[in-house]
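The values are calculated or read from the model by the stated rules, or taken from the named source; none is laboratory data. Since we're looking at a predicted model, the values are computed, not measured. Note that we place each Cβ from the backbone using ideal geometry, even for glycine, and neighbour counts take in every protein chain shown.
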Amino acid sequence: MADASDRLEPLFVAALGGDAVTVDSDGVDGLGIERPTVRVTPDSVEQIADALRVAVEHDAVVVPTGSGSALALGNLPRGDVLLLSTAKLNETVDYEPRDLTAIVQAGRTLAAVQEETGAEGQMLALDPPNGASATVGGLVATNASGPLRQAYGSTRDVCLGATVVLSDGSVVKCGGRVVKNVAGYDTTRLYVGSMGTLGIVVDAAFRIHPVPETTAVVVGVGDDWAEAAGLARRVVGAPVEPRFVELLDIGDARWGIEVAGGLSPAVLVGFGGSEAQVTHQTNVTREALTSGGAVDVWVDRDDADWRARFADAVHSATERGDAVVKVGGVMADVLPAMQAISDLVGARDMDVQWLSHYTSGVVYAILSSPSAASIADVLGRLRRETTKLRATAVVVSAPVEVRRLVDVWGAPTAPLELMRQLKRKLDPTATLNRGRFVRGLDA
Amino acid sequence: MHEVDVARADLSIAQLVADLAPIVGADSVLADDASVMTYECDGATLYKATPHVVVLPDTAAQVSEIVKYANRVGAPFVARGAGTGLSGGATALAGGILIGLNRMNRILSVDIENERAVVEPGVVNLWITGRATPDGYHYAPDPASQKACTIGGNVAENSGGPHTLKYGVTTNHICGMEWVMPTGEIVELGGASDDGVGYDIRGLVIGSEGTLGIATKIVVKLTPNPPAYKTMLAVFASLEDASTAVSEIIGAGMIPSSLEVMDRLIIDAVEAAFSFGFPEDAQAVLLIELDGVDAGMEEQAADIVDICNANSAQDVQVAASEEERTLLWKSRKQAFGALGRLAKSYLTQDGVVPRTRLPEVLRTVAEASARHDVRIANVFHAGDGNIHPILLFDESDPAQTERVLQASGEILTKCVELGGTITGEHGVGIEKLAFMDLLFSPADLRIMRDVRSLFDPNGLCNPGKIFPGGGPAAQEAVADG
Ligand SMILES: Cc1cc2nc3c(=O)[nH]c(=O)nc-3n(C[C@H](O)[C@H](O)[C@H](O)COP(=O)(O)OP(=O)(O)OC[C@H]3O[C@@H](n4cnc5c(N)ncnc54)[C@H](O)[C@@H]3O)c2cc1C
Ligand SMILES: Cc1cc2nc3c(=O)[nH]c(=O)nc-3n(C[C@H](O)[C@H](O)[C@H](O)COP(=O)(O)OP(=O)(O)OC[C@H]3O[C@@H](n4cnc5c(N)ncnc54)[C@H](O)[C@@H]3O)c2cc1C
């Protein structure tokens, strides 16, 4: 059988010119493709539209990609895949520090946005797992978030609008660039978190925030996870306003953190603000954690290292080929979800490492095992438990072998039929990311 | 009454009453003239149309039955909360069935541990805060109408309020809903968790102005009360100075929870009503509130006072107690009520510009006021760049009304030119139909219309709103009906 690339390459060379087309000869790891795969790198919105028209006409399945760091997220694509890279759309369209808003092209990296806004004492308040390489388009497509979501929300909450190319090549705008806007339907929300199945985001407008004058993290170590979660709970009731309340396995050898007794369940409470605000709050929190029975408590100034460790924990899990499952519930679900996963793992040949955005009710479990079947089995059973908790369980990263065995998304939290109809309206040929999002969407 | 070209549905009132009574009970169907007149408009009083009947359901199942029935007979229907909307959203343009949700007003659960409450749509915004206060929590979005407006209405308009600068608008505080689709089926959108799977349909329907279905149960987030507040009121000799102070406060890296401005006309109105004792030559009042931990707040407040003084503030007061805080807020909270003294009718505009463009748009407001000989009062959420020019007139005078609409149009056009939008929190409704084309291309609007017809294939759910021309589906349905 001829490779899809032999069929597709000349079509796209003809449409976009040879400079815009390359072939990834070894295939695409994260997508489970082992055959040569065509990659187009358009240099304008018009070229993206052209590429989509050709793809629709010749039934290529377009997988938009920014840095490609989150391709291990999502089910495996169906059909003849064409990678469409946004790498050349990497400019800042408009950044007005005094308005605290920025419009950025999809291929620009979060790191570049942070550098530019940082020069003005500002930031895009998103710190997702692979923040160093992630692109703006990827953030929007995955509704990415990290520890800072406690204070600033997820991508959904800071994205004000976007320009999107639909699979028929039409270019549409949604939302705007001002912080309040209720003109027409809030279609921006449709694209945020849609995994690039409805359109290709070419630029997005964001609310920008000031960087606090100073930051700090209070670390409290517990004997076990129940105790760490109990400590987190105490902080929620205290008269402080944390930027994040995280549970983290701090025993990771690479971080070189020494804790008496080699314990690793910890709560991390982050603060930002003026010196006086941060000092006061770290004092109150230290006291709350100590009187709550923490085994060890200390304060680290500057939260950057800790947030980086969160990102690193997830990121390196992907590199190692571990599976990362994200449970989304409410605060009271955190401990039961951890318990359920521990029970399922039980005596298997499997390690679990934990992270949690405690106040958001989110738990990440990093599962490592030599057996894909064993991981898939745990994930399958976990869904039954989380359904009881009315929480969601998404496999945010897993090796291809695992993703062949499980549906990474699980049941959608709104009627599937409505989603299918939306998909059919906006992408009738299921050209965009066919097969990668919730099961049955484009079947 | 102002002309709107949506045909009135041809329906038999007697038949509607006979058919709806078995669903909700005869007591809960109103069709006498006095009753339907009560519902002829919302807060946008320029637009009036009476429904054929008003029904007051008590359960989601009843709402669903009513909607299914409406689809069977081709009757348009409109959900209504408190009717405080300012764009005509709850006005039954084509007549039909008005579904009043005020009886579905129970707070079903308050889960402090998880910072959530589950409420019915007719629950008044402030009630939630009332219930959560003993536990040290509140519901953050706080429209100035919060003593009256309902959560269902807030969801439909994606409402904001004075504290949205720091806390965000309605969509940032709703996790899930039980929702009656425009065809009558009851669906769940999202849940208690913020991390849904699949498309964010919850986000899509928030702000849909009653055109994509009806919320029958709403999961809201509760926010811990800040440990401390610091409220300040600065008086300026010009609106421009006040606006510059706002930009500089934000520019200094501070995000107060509120930055609200009122101009001279509003000051006159609140003075006449409450005698606050503002200086005679004051042209603008800026209300600033900080919230958060006590530590460091004095310093921030001092910085803000310095910024105000550097911008020629005539006076800056800092509230020293909760009573003083309430007093400073009173002028802002009573502003709308006090305006009733100045004119027979008023039209509250709602535009947004990037914050730094406030001085420019305010100049346009002043020019439009002079050119069209319309008195315009200004009260605005300055931190968000969200202006509310309030145009004072007498709606029984068609010439004045026409001038008011002209002036409004110029202001909104300017907002769009400056990179802003035609509505920040009140919605398009009927009032801004003509301006959607300014903001959106035909392709942008097509997506929205596609969404509309996908949700509401028969075009019966609040027809005539949001889309210029009433939306093809809507018009057909009305014609058929
Ligand atoms: C191991 C791992 C775990 C992760 N876990 C989490 C997590 O737990 N929580 C979280 O919030 N985020 C998570 N992410 C997501 C990640 O932080 C963001 O997805 C990131 O922004 C990806 O950016 P990217 O440029 O690398 O996107 P890519 O990897 O290139 O693409 C990611 C997805 O977005 C689509 N996409 C990319 N660009 C566009 C565009 N311009 N228009 C439309 N669709 C587009 C792609 O088709 C793909 O489906 C994880 C990522 C990885 C690698
Ligand atoms: C004095 C005054 C001050 C105001 N201040 C503010 C402010 O600061 N910020 C702000 O954002 N707004 C403000 N408003 C506008 C108004 O109060 C809000 O739009 C409010 O959300 C409307 O709520 P309501 O219950 O009165 O809704 P209604 O006026 O009854 O209805 C508004 C819209 O919601 C729809 N609707 C109602 N209930 C439901 C439901 N359950 N499901 C689906 N759709 C539904 C209706 O069909 C209609 O389209 C103010 C209004 C007044 C009069």
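Taking the range A:202-219 as the range and being outside any loop (DSSP other than H, G, I, E, B) and acidic (Asp, Glu) as the test, only A:Asp203 passes.
Here B:Ser109 clears all of (1) assigned to a loop (DSSP other than H, G, I, E, B); (2) more than 8 Å from ligand 2 (Cβ to nearest atom); (3) within 14 Å of chain A (Cβ to nearest Cβ) except the condition numbered (1).
Outside any helix (DSSP H, G or I), more than 16 Å from ligand 1 (Cβ to nearest atom) and of a type in the set (D, E, K, R) - does that describe any residue in the range A:400-415? Scanning the range A:400-415, I find no residue that is outside any helix (DSSP H, G or I), more than 16 Å from ligand 1 (Cβ to nearest atom) and of a type in the set (D, E, K, R), so the answer is no.
Of the strands (runs of 3 or more DSSP E) lying entirely inside the range A:17-97, those containing at least 3 residues that are away from chain B (no Cβ under 14 Å) are A:21-24, A:37-40, A:60-65, A:80-85. Consider the range A:360-378 and keep the residues that are surrounded by fewer than 24 Cβ atoms within 10 Å (Cβ to Cβ) and either within 14 Å of chain B (Cβ to nearest Cβ) or in a strand (DSSP E or B) (or both). The one that is nearest to ligand 2 (Cβ to nearest atom) is A:Tyr364.
Within the range B:112-159, the set of residues being within 18 Å of the chain's Cα centre (by Cα), among the small types (Gly, Ala, Ser) and modelled with pLDDT of 95 or more comprises B:Gly122, B:Ala140, B:Ala148, B:Gly152, B:Gly153, B:Ala156, B:Ser159.
Among the residues of the range B:138-181, those identified as in a strand (DSSP E or B), away from ligand 2 (no atom under 12 Å from the Cβ) and within 11 Å of chain A (Cβ to nearest Cβ) are B:Cys175, B:Gly176. B:Gly196: within 10 Å of chain A (Cβ to nearest Cβ), farther than 14 Å from B:Pro141 by Cα, in a loop (DSSP other than H, G, I, E, B) and small (Gly, Ala, Ser), yes or no? When the stated conditions are applied, B:Gly196 passes them. Filtered by the rule that a residue be buried (at least 24 other Cβ atoms within 10 Å of the Cβ), within 9 Å of chain A (Cβ to nearest Cβ) and part of a helix (DSSP H, G or I), the range B:205-263 gives a lone residue, B:Val205.
The single condition from (1) assigned by TED's automatic domain parsing to the domain that holds B:Trp179; (2) among the charged types (D, E, K, R); (3) modelled with pLDDT under 95 that B:Glu240 fails is (1).
Selection of the range A:206-250 for residues being under 22 Å from A:Met123 (Cβ atoms) and among the aromatic types (Phe, Trp, Tyr) yields A:Phe206, A:Phe244. The residue pairs whose first member lies in the range B:165-179 and is more than 13 Å from B:Gly153 (Cα to Cα), whose second member is part of a helix (DSSP H, G or I) and at pLDDT below 95, and whose beta carbons are closer than 6 Å, counting only pairs six or more residues apart or on different chains, are B:Leu165/B:Gly383; B:Leu165/B:Asp384. Filtering A:Val267, A:Val240 for residues that are β-branched (Val, Ile, Thr), in contact with a strand residue (DSSP E or B) (Cβ under 6 Å, 6 or more places away or on another chain) and either surrounded by 15 or more Cβ atoms within 10 Å (Cβ to Cβ) or within 14 Å of chain B (Cβ to nearest Cβ) (or both) leaves a single hit, A:Val267. Restricting attention to the range A:407-436, the residues being of a type outside the set (D, E, K, R), more than 14 Å from every other protein chain (Cβ to nearest Cβ) and within 28 Å of A:Ala391 (Cα to Cα) number 1. Scanning the range A:121-139 for residues that are near ligand 1 (Cβ under 7 Å from one of its atoms) and of a type in the set (A, V, I, L, M) gives A:Ala134, A:Leu139. So is B:Lys48 of a type in the set (Lys, Arg) and within 18 Å of B:Gly213 (Cβ to Cβ) or not? It is false that B:Lys48 is of a type in the set (Lys, Arg) and within 18 Å of B:Gly213 (Cβ to Cβ). Just one of the listed residues (B:Lys221, B:Lys217) is more than 28 Å from B:Val67 (Cα to Cα), at pLDDT 95 or above and either out of contact with any Gly (no Cβ under 7 Å at 6 or more places or on another chain) or within 16 Å of ligand 1 (Cβ to nearest atom) (or both), and it is B:Lys221. A single member of A:Arg156, A:Arg149 is within 12 Å of chain B (Cβ to nearest Cβ), closer than 17 Å to B:Asp194 by Cα and crowded, with 24+ Cβ neighbours inside 10 Å, and it is A:Arg149. Kindly indicate whether A:Asp252 is surrounded by fewer than 19 Cβ atoms within 10 Å (Cβ to Cβ) and away from every other protein chain (no Cβ under 14 Å). Answer is yes for this residue.
Looking only at the range A:169-204, filter to residues that are out of contact with any Pro (no Cβ under 6 Å at 6 or more places or on another chain) and more than 10 Å from chain B (Cβ to nearest Cβ); which one of those is surrounded by the fewest Cβ atoms within 10 Å (Cβ to Cβ)? Here the residue is A:Gly169.
Residues B:Thr91, B:Thr133: which one is touching a residue at least 60 places away in the same chain (Cβ under 8 Å) and assigned to a loop (DSSP other than H, G, I, E, B)? Criteria check complete, one pass: B:Thr91. Among the residues of the range B:413-424, the ones that are over 18 Å from B:Thr91 (Cβ atoms) and crowded, with 24+ Cβ neighbours inside 10 Å come to 5 in all. Reported count of residues in the range B:275-317, each being surrounded by fewer than 19 Cβ atoms within 10 Å (Cβ to Cβ), part of a strand (DSSP E or B) and within 30 Å of the chain's Cα centre (by Cα), is 1. Checked across the range A:183-201, the condition of being assigned to a strand (DSSP E or B), farther than 30 Å from A:Asp300 by Cβ and at pLDDT 95 or above holds for at least one residue.
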